[in-house]
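One structure, as structure tokens, below. Some questions next.
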Amino acid sequence: MKFNLAVMLVACAVAQAALAEPIAIEGRRELFVDNYLIESLDDAELFLHKPHDEGIVFQFDKPWEGLFCGYCTVIHTDDKYQLYYRGIPTAGSDGNDNEVTCYAESKDGIHWERPAINKYVVHGAKENNVILAHAAPVTHNFSPFLDTNPNADPKQRYKAIGGTSTSQLVAYVSPDGIHWSKLRDEPVIKDKGWVFDSQNVAFWSDSEECYVAYYRRASERVRAIARTTSKDFVNWTEPVQMTYSNTGTGTPRNHLYTNQTHPYFRAPQIYVATAARFMPGRRVITPEQAEEIGVHPKYFNDSADAIFMTSRGGDHYDCTFDQGFVRPGTALGNWVSRTNYPVLNVVQTGPEEMSLYVNQEYGQPTSNIHRYSLRLDGFASVRARGKVGTLVTKPLTFSGDQLELNFATSAAGGVQAEIEDEAGKPIPGFSLDDANVTIGNDLSRVVTWKEKGSDVSELAGKTVRLKFVLDDADLYAFQFSSPQKAKDLAGK
């Protein structure tokens, strides 16, 4: 009787899944950074990869920069990388007039130069890279973005928000990211009772077809995150508290000082949040060690690191990986307060590489930015080690002619792909028995089957499931593509 009941429960679960609306992924790239597409994992796991520390790429060593530079942003355009950051060499209250917004450029995201803006006299120097001064409190946390809204005014190609409780969030616009002006005198985002004293981030969302802004807002005395949206960047919705999958509430497990939420450039329907996790009162180094490294006396009683979250829109963060993403490491200077804060945006810095930047050694004469690298799409993967693992997706529909994988195997390992119907039955010609073993390490390897080759176009638009069998392998992402269609569009 127990066996029959178990069979009935499994059958009901399969039937319910079959009735569920399939996920339409079209031709989008999908990363395994959450459980959005995963129905089951057997002897496989979602694994968060550790970014590789590439060392210091920028030091805040100019007279108008100094110990307390922070709230940094990197923007990658077609021909350059742009770095924005707060300059302030001495401690002071948030939003004081000594805070300026500085600017640097790079051709490769690794080697940076300060262009001579020479617009303001700062600390007695006219030759500097300051693009905004005497605009307090906006310069406390000026946070720009490149507006990808297809209807955006070219004169407002760049937008930014900044401010504290005294100003609320004021909007600025720019045609080139260097010359800025106020969008209007009145703040665009208001939240009475909140101070906006962290980095407040905004962007245009293609998937939600609106502007989205995230900012820090307390929940039960824990630093948390709120979100608001707008169609025109002027009129914003009532803010809502974000919720977190690891707590099920609007209160995160630990304080989140900055959120750094932004669309991932190769899969913009996925918002990546490289948030700063703040541990107030968690002192690691001694006063003697603090004096030795020159940290400001008020900035060694806490510690911080970076975590990784994702969102697909709405008021929810997926915290699949409830662990440190970028840890402080062995340097004493990274075990102090308000350090290890990620720079806004992950950007591509090579054919197979993307970079995450982190503000480190805060409150010290050595204050700097480190670059960390990952393979493209390589935040996380479905990983199988020791045993052959299996991943089965939820029902989905796609458009395209072939299936491409971002994957890596050992010399002895491999990946096989099966395409099943909605009920989980292998489709003839696309079963595991028909599948060729995919071996190697590639960002976009096309999957093949013995008789069908790589052509999956006959299944486009139909509800299917994907089954991946992994042997000593990592699967980072997949995408259904249409190479002929892409060629045709390129030729027009």
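The values are calculated or read from the model by the stated rules, or taken from the named source; none is laboratory data. None of the values given here were measured: they were computed from a predicted structure. Cβ placement follows ideal geometry from the backbone for every residue including glycine, while neighbour counts extend to all protein chains displayed. We work out accessible area using only protein heavy atoms, side chains counted, and drop any ligands, DNA or RNA first. Shrake-Rupley method; radii C 1.70, N 1.55, O 1.52, S 1.80 Å.
Name the single residue, out of those in segment 303-336 being over 22 Å from residue 281 (Cβ atoms), assigned to a strand (DSSP E or B) and of a type in the set (Ser, Thr, Tyr), that is nearest to the chain's Cα centre (by Cα).
So the residue we want is 310.
Same structure, new question: In segment 99-153, which residues are of a type in the set (Lys, Arg) and closer than 30 Å to residue 350 by Cβ?
Residues satisfying the conditions are 107, 114.
So which residues in segment 116-128 are touching a residue at least 40 places away in the same chain (Cβ under 8 Å) and surrounded by 13 or more Cβ atoms within 10 Å (Cβ to Cβ)?
Result: 117, 122, 123, 125, 128.
Please give the number of the condition residue 419 fails out of (1) touching an Asp or Glu at 6+ places or on another chain (Cβ under 7 Å); (2) modelled with pLDDT of 95 or more.
All conditions pass for residue 419, except number (1).
Hey, another quick one. Filter segment 313-341 down to residues that are over 30 Å from residue 210 (Cα atoms), β-branched (Val, Ile, Thr) and out of contact with any Pro (no Cβ under 7 Å at 6 or more places or on another chain) and give me whichever is surrounded by the fewest Cβ atoms within 10 Å (Cβ to Cβ).
By that ranking, first place goes to 330.
Hey, among the residues in segment 123-177 that are of a type in the set (Asp, Glu) and under 24 Å from residue 207 (Cα atoms), which one's nearest to the chain's Cα centre (by Cα)?
Per the stated criteria, the residue is 147.
I need a count of the residues in segment 270-302 that are assigned to a loop (DSSP other than H, G, I, E, B) and among the charged types (D, E, K, R).
Total satisfying the criteria: 4.
Tally time: how many residues in segment 360-391 are open to solvent by less than 10 Å² (accessible area, probe 1.4 Å) and either more than 30 Å from residue 458 (Cβ to Cβ) or not β-branched (Val, Ile, Thr) (or both)?
Residues meeting the conditions: 15.
Being under 19 Å from residue 30 (Cα atoms) and modelled with pLDDT under 95, is that true of even one residue in segment 462-483?
Yes, that holds for at least one residue.
If you don't mind, there's one more thing I want to ask. Tally time: how many residues in segment 80-98 are closer than 19 Å to residue 344 by Cα and charged (D, E, K, R)?
The qualifying residues number 2.
When you go through 244, 264 one by one, which is the residue that is in contact with a Cys (Cβ under 9 Å, 6 or more places away or on another chain) and in contact (Cβ under 8 Å) with a residue 12 or more places away in the chain?
Step by step, each of 244, 264 is checked, and only 244 is in contact with a Cys (Cβ under 9 Å, 6 or more places away or on another chain) and in contact (Cβ under 8 Å) with a residue 12 or more places away in the chain.
Now for a different question. So, restricting to strands (runs of 3 or more DSSP E) that lie completely within segment 392-492, which ones have at least 1 residues that are open to solvent by less than 10 Å² (accessible area, probe 1.4 Å)?
Once the strands (runs of 3 or more DSSP E) in segment 392-492 are filtered for at least 1 residues that are open to solvent by less than 10 Å² (accessible area, probe 1.4 Å), what remains is 396-398, 402-421, 464-481.
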